[in-house]
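Report on one structure; see the data block that follows.
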Amino acid sequence: MPHDHDNHLDPMEARVRALETILTRKGLIETAAVDAIIETYAEKVGPQNGAAVVARAWTDPAFADWLERDATAAVASMGFTGRQGEHVRAVFNAPDLHHVIVCTLCSCYPWSLLGLPPVWYKSPAYRSRVVIEPRAVLAEFGLDLPEGTKLRVWDSTAELRYLVVPMRPEGTEGWSAEALAELVTRESMIGTGLPRVPA
Amino acid sequence: MNGPHDLGGKMGFGPVLPEADEPWFHAPWEARALGVVLACGALGRWTLDESRHARECLPPATYYAASYYEIWIRALEVLLTRHGLITPAELATGTALERPADARRLGAERVPAVLARGTPCDRPLSEPPRFATGQRVRAKNAHPRGHTRLPVYLAGKEGVIESDHGGFVLPDANAHGKGEVPERLYTVVFDAAEVWSADSEPGLTISADLWEGYLDRL
């Protein structure tokens, strides 16, 4: 590469490129494997997985019961397994109870169900504040819970990964699981949002 | 250690800034960082607990100034050097000086299986549980210098055992190469009034997943 191009690299671009080059030349990593990892999380794994789980729980009471008792097995039956989803617990919102997920110590997040975490989830602002002033944090997402709603914040301090199952929106009677899944946002499965309301 | 990562309840970090239609990666290097970190992890030279500890050992000023992928890369450089896979001279010059072929290198064909399997951390235990669900416990007022998953904001606080998850690898040992030392893991629920103050948000409870040795009976 001509030297003047180097000046356009920001320091992290240069740092990661150098590290990847060293590791590849030393035979410690394989470029195609790095590409395959990126492709997995950019194209295959994402919140559509969790949305399918939630929509099925809304439409299939036996599955919802299984999800509550043994979420790891229930989501594995839909093909959702793997890294940062080895042990899963689903927590269900109720009219008087709202769940919110955080990892105050790092960035633990249910990758197998929601994909890679958004930047805000990993930010010091979210990790520090949501355990001490969750209502103020939720308001910054545009979510104002009714007074009297109990709030439970789950700090992901071990290897259990949490999925919030929000309440099914009203006005969706008779909808298919596929149509319902379109209403399930990523934020609604973290607890910083609610599902979309049908138009 | 209650390092820069131990953020629960700390103040001064400003508003949370959700980004509409956030892309998976904000620069090409972030994607490469993800792939390189996971591919190096698959070499099996360190555990996830050790890599978490390497991240939280970054100096606070570095930790807070860095994006999460930068934290990952800086910690990866520490791990690679500590385990003798690259030398400081190689890092400084950006040149590979030695080539120790590694038989465990992750090939692209193994990526789907490795990612789909993950690394389960549950382990069988023969000892019975020390605590029953519904029992009141106190998180130890402990401030170990090494890796722990007891957040400092819960140290010394009283809570209730909500569920028993059986045995799990103990990060406090595993992060330091002392073996898995599986120990029972519980979900413990704390009232905000106990954790923070009597005038904290009403109706708020906080739970954490805590190992048996983090807890004392009342």
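No lab work stands behind these numbers, since they all come straight from the coordinates. These figures come from a predicted structure and were not determined experimentally. Cβ sites come from the backbone with ideal geometry, for glycine too, and all protein chains shown count toward neighbours.
For A:K150, list the lysines whose Cα falls under 25 Å from its own Cα; do not include residues on the same chain fewer than 8 positions away.
Reachable lysines: A:K122, B:K10, B:K157.
Whole number please: convex hull volume per residue of the Cα set in region B:1-99, in Å³? Display every interim value, and only then the final one.
Working: hull volume 13.2 nm³, N = 99.
Spread over its residues, the Cα hull of region B:1-99 gives 133 Å³ apiece.
Using the crude model of +1 on Lys and Arg Cβ and -1 on Asp and Glu Cβ, and no other charge, please compute the dipole size for chain B relative to its Cα centre, in debye to 20. Could the numbers behind the result be given before it?
On the way: 23 positive and 29 negative charges, 153 e Å.
Once rounded to the nearest 20, the dipole reads 740 debye.
Using DSSP to call loops (not H, G, I, E or B), can you name the GluC sites (Glu not before Pro) in region B:54-108 whose Cβ has at most 13 other Cβ atoms within 10 angstrom? Could you put the intermediate results ahead of the total?
Numbers: sites: B:E56, B:E70, B:E77, B:E90, B:E98; in loops: B:E98.
The qualifying sites are B:E98.
Out of the GluC sites (Glu not before Pro) in region A:129-199, which ones are loop residues according to DSSP with at most 10 other C-beta atoms within 10 Å?
Working: sites: A:E140, A:E147, A:E159, A:E170, A:E173, A:E178, A:E182, A:E187; in loops: A:E147, A:E159, A:E170, A:E173, A:E182.
Here the sparse-neighbourhood loop sites are A:E147, A:E170, A:E173.
Just want the ordering: B:R145, B:R138, from fewest to most Cβ atoms lying within 10 Å of their own Cβ.
Numbers: B:R145 7, B:R138 18.
Least crowded to most crowded, the residues run B:R145, B:R138.
At a Förster radius of 41 Å, what calculated FRET efficiency corresponds to the Cβ-Cβ distance of A:A139 and B:A65, to the nearest 0.05?
0.90
Once you measure Cβ to Cβ distances between cysteines in the protein assembly as shown, which Cys have no partner under 4.7 Å?
Cysteines lacking a close Cβ partner in the protein assembly as shown: A:C106, B:C40, B:C57, B:C121.
Determine the relative contact order of region A:1-123: mean sequence separation of Cα pairs under 8 Å and six or more apart, normalised by residue count, in whole percent. Kindly include the intermediate steps, with their values, before the conclusion.
On the way: 89 pairs, mean separation 29.5, N = 123.
Averaging sequence separation for qualifying contacts and normalising by length gives 24 percent for region A:1-123.
Using Cβ counts within 10 Å as a stand-in for footprinting exposure, how do A:L143, A:L160 rank, fewest first? Intermediate results must be reported in sequence, preceding the final value.
Details: A:L143 18, A:L160 23.
Fewest to most other Cβ atoms nearby, the residues stand as A:L143, A:L160.
Just in region B:56-134: which trypsin sites (Lys or Arg not before Pro) are loop by DSSP and have at most 13 other Cβ atoms within 10 Å? Walk me through the intermediate numbers first.
Details: sites: B:R74, B:R82, B:R104, B:R105, B:R110, B:R117, B:R130; in loops: B:R104, B:R105, B:R130.
Of the trypsin sites (Lys or Arg not before Pro), the ones in loops of region B:56-134 whose Cβ has at most 13 other Cβ atoms within 10 Å are B:R104.
Report, ordered by chain and residue number, the lysines lying within cross-link reach of B:K178, taken as a straight Cα distance under 16 Å and ignoring same-chain residues fewer than 8 apart.
none
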